[in-house]
Amino acid sequence: MRQDLARTVAIVGVAESDQVGVTPNKSALQHHAEAAYNALADAGLSVKDVDGLFTAGLSTLTTAEYLGINPRYSDSTSIGGSSFVVHIGHALAAINAGYCEVALITHGQIGRSSRGSGGGQDETFPVSQFEAPYGIVGAPINYAIACSRYMHVYGEDRTRQALAEIAVATRKWAQLNPKAMMRAPMSFDDYHNSRWIAWPFHLLDCCLVTDAGAAVVVAKADRARDLPKKPVWVLGAAEYHDHSLMSQMPDLTVHPARDAGQRAFEMAGLKPDDIDLAMIYDSFTYTVLMSLESLGFCGPGEGPDFVWNQRTAPGGEFALNTSGGGLSYTHPGMYGIFLVVEAVRQLRGECGERQLANCRIALANGSGGSLSSAGTAILAID
Amino acid sequence: MTTATPRRPLPTPQPEWDFYWERTKAHELWLMRCKECHRAYFYPRPLCPYCFSRNTEWFQSSGRGRLYAFAIVHRAPHPAFADVVPYIAALVELEDGVRIPTNLVGVEPDPARVKIGMPVQVLFEDANEKISLPKFRPV
């Protein structure tokens with residue numbers, strides 16, 4: 001990776017849509033639009049400044065028209081919930097190549113209140129041919145299958161304890177976030193007593209299904225320095241995917257973040273110990289456990305020790321998913337952009353009750369598909 | 001073995017998978033392997049996913065393998081599966097060297113009874129007049 005590309009672009013604006021959680025009165029595109037409006041306001045930029053447009057889940061043809069933007073650079077890369085973190089690297093590349101100067105990344109989904117079918121899988125695809133007939137359908141089942149393998153390799157009891165630690169610690173962070181959907185206290189008993197969705201997953205291993213949107217504005221360094229808020233520099237950004245179907249996953253205990261993370265760290269010239277805040281996609285508790293290992297925060301099979309005894313909860317040694325995550329804050333379907341929103345706010349010191357005391361460097365790791373894709377970004381403030 | 005047949009979404013065979021589903025209809029499991037790098041792979045496709053060779057061939061699997069990973073599904077992912085939960089969604093590693101998504105049947109869907117590494121054998125569940133699904137049971 002080219003280290004000279006570090007700090008060439010910055011995140012200059014972030015926002016959620018006006019309301020995240022349950023919004024039966026709003027479409028997905030409204031969430032895109034509100035988030036775009038709010039993020040540009042946060043950046044101190046006008047929609048006329050935007051010349052690069054990025055989104056996932058639908059084509060930028062749709063979002064561009066809805067927002068009234070005619071982009072000179074357009075990127076609808078859609079590789080699951082990691083996509084919006086991946087877009088940061090794509091924006092960095094496009095800006096450095098001179099294709100655009102101000103990149104707007106938008107997201108909007110109404111996983112909870114959708115009036116449509118939401119599409120569904122194309123019946124001609126391999127997944128419909130070889131997995132769906134067996135009821136291997138949807139994220140909880142796919143990820144549960146992967147988790148069973150981890151338990152087999154590294155021990156069921158210590159894995160179970162780790163999943164509980166992550167669920168409980170994440171809820172504690174959510175209790176400090178006024179926008180989080182789930183703010184009631186969660187005990188270890190609550191976790192263990194919650195109903196089975198797909199063994200080994202309890203209900204409280206699984207992310208929420210919400211309505212939400214968010215947007216991120218990325219700008220060239222010289223533009224970023226002139227804007228009202230402190231630039232959040234992109235030090236490293238990388239992506240990777242190594243399968244689509246769960247049954248094709250090379251190693252059920254290793255996240256593609258192992259590859260993406262290594263290259264992102266290399267580009268940033270940093271190592272896991274340098275990270276003050278890790279925002280790690282928590283579609284499921286297990287996603288966090290394996291991602292921590294694959295990103296190099298600990299070794300293979302060491303995740304349970306790493307998260308032991310609420311080490312990642314407020315006041316703990318390792319700041320993780322301070323927004324309350326997909327598990328307790330919000331998860332509309334593809335959550336990756338919200339990792340970036342929280343990382344930027346923590347770096348800027350805007351997080352109120354849950355603000356970390358010393359947050360200079362943050363990592364956002366998006367995950368997508370059936371543990372298929374990773375987008376890793378390393379961000380820092382001066 | 002074929003109690004609790006779900007009203008599930010069945011495959012609509014696509015051209016490169018016609019042969020696979022024709023053979024399963026005859027209660028045979030056929031896979032593909034590469035004649036260049038000699039690795040078997042799943043799902044069938046005309047290019048080897050390991051070495052990109054087009055020099056590939058079908059072969060009949062022994063249907064024997066071991067349970068590689070599984071989930072016990074309690075919440076149906078689709079209404080068609082509501083009357084068959086709990087069921088076992090599984091990956092089986094065949095002795096031919098490939099992993100195949102399937103259901104494990106003939107065993108209680110109880111984590112105390114389902115063990116990763118347990119030997120399994122293919123069986124075929126006739127879903128309708130066109131499609132038979134390869135599933136696995138403990139041996």
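Computed quantities for the displayed model
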quantity	calculated
In order through segment A:2-12: 3J(HN,Hα) via Karplus (6.51 cos²θ - 1.76 cosθ + 1.60), integer Hz, x for Gly, Pro	8, 5, 5, 7, 4, 6, 7, 9, 9, 7, 10
Point-charge dipole on Cβ atoms (K/R +1, D/E -1) for chain A, about Cα centre, debye to 20	580
Order of B:E129, A:E302 under a 10 Å beta carbon neighbour criterion, fewest first	B:E129, A:E302
Under-5 Å amide H pairs with B:Y68, H placed in peptide plane, nonlocal only	B:L91, B:V92, B:E93, B:G117
Average other protein chain Cβ within 10 Å of Cβ, residues A:151-157	2
Calculated from backbone phi, Karplus (6.51, -1.76, 1.60) coupling profile of segment A:171-187 in Hz, x at Gly/Pro	4, 4, 5, 4, 5, 9, 10, x, 8, 6, 6, 10, 10, 6, x, 10, 9
Positive minus negative residues near A:I275 (Lys, Arg vs Asp, Glu; Cβ under 13 Å)	-2
Amide H partners (placed H, <5 Å) of A:H202, local residues excluded	A:I197
Pairwise FRET efficiency - B:S53 versus A:D4, Cβ, R0 = 35 Å, nearest 0.05	0.35
Distance between modelled label sites at A:A93 and B:K25, nm, 7 Å Cα→Cβ extension	4.5
Calculated from backbone phi, Karplus (6.51, -1.76, 1.60) coupling profile of segment A:286-292 in Hz, x at Gly/Pro	4, 4, 5, 4, 6, 5, 4
Extension gain, A:D274 back to A:W308 (0.36 nm per residue minus Cα-Cα distance, nm)	10.2 nm
Distance between modelled label sites at B:D18 and A:T124, nm, 7 Å Cα→Cβ extension	1.5
Kirkwood hydrodynamic radius over Cα pairs of segment A:249-353, then Stokes diffusion coefficient at 10 °C and 1.306 mPa s, in µm²/s	110
Efficiency of FRET from Cβ geometry, B:R137 and B:R45, R₀ 22 Å, rounded to 0.05	0.20
Mean-position separation - Cα centroids, segment A:115-190 and segment B:50-120, in angstrom	19
Helix-only [θ]222 nm of the protein assembly as shown, DSSP H runs n ≥ 4, -39500 (n - 2.57) each, per residue, nearest 500	-8000 deg cm²/dmol
For the protein assembly as shown, projected area of the alpha-carbon convex hull averaged over all directions, nm²	23.3
A:D226 paired with A:Q19, simple spin-label distance in nm, labels 7 Å along Cα-to-beta-carbon	3.8
Full-stretch length increase - A:S59, A:L356 - with 0.36 nm per residue and alpha-carbon distance subtracted	103.3 nm
Relative contact order (percent, whole number), segment A:186-341, Cα cutoff 8 Å, 6+ residue spacing	30
Within segment A:308-348: backbone nitrogen closer than 15 Å to the A:L203 label point (7 Å, Cα to C-beta)	A:328
Farthest positive-ward along the protein assembly as shown dipole, Cα basis, beta-carbon charges - from A:N96, A:F265, B:G117	B:G117
Order of A:M334, A:M182 under a 10 Å beta carbon neighbour criterion, fewest first	A:M182, A:M334
Relative exposure of A:H192, A:H241, judged by other C-beta atoms within 10 Å (fewest first)	A:H192, A:H241
Length added when fully stretched, B:M118-B:Q60, from 0.36 nm per residue minus Cα-Cα	18.7 nm
Neighbourhood net charge (11 Å Cβ-Cβ; Lys/Arg +1, Asp/Glu -1) for B:E93	+2
Whole-number percent relative contact order across chain A, with pairs defined as alpha carbons under 8 Å at least 6 apart	27
Positive minus negative residues near A:L227 (Lys, Arg vs Asp, Glu; Cβ under 13 Å)	+1
Average beta-carbon neighbours from other chains, 10 Å sphere, peptide A:194-200	6
Options A:G325, A:M290, A:T23, ranked by Cα towards positive dipole end of chain A, top entry (Cβ charges)	A:T23
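All of the numbers you see were taken from the coordinates with simple rules; none came from a lab. What you see is a predicted model, and the numbers here were worked out from it, not measured in a lab. Note: ideal-geometry Cβ built from the backbone for every residue, glycine included; neighbour counts use all protein chains shown.
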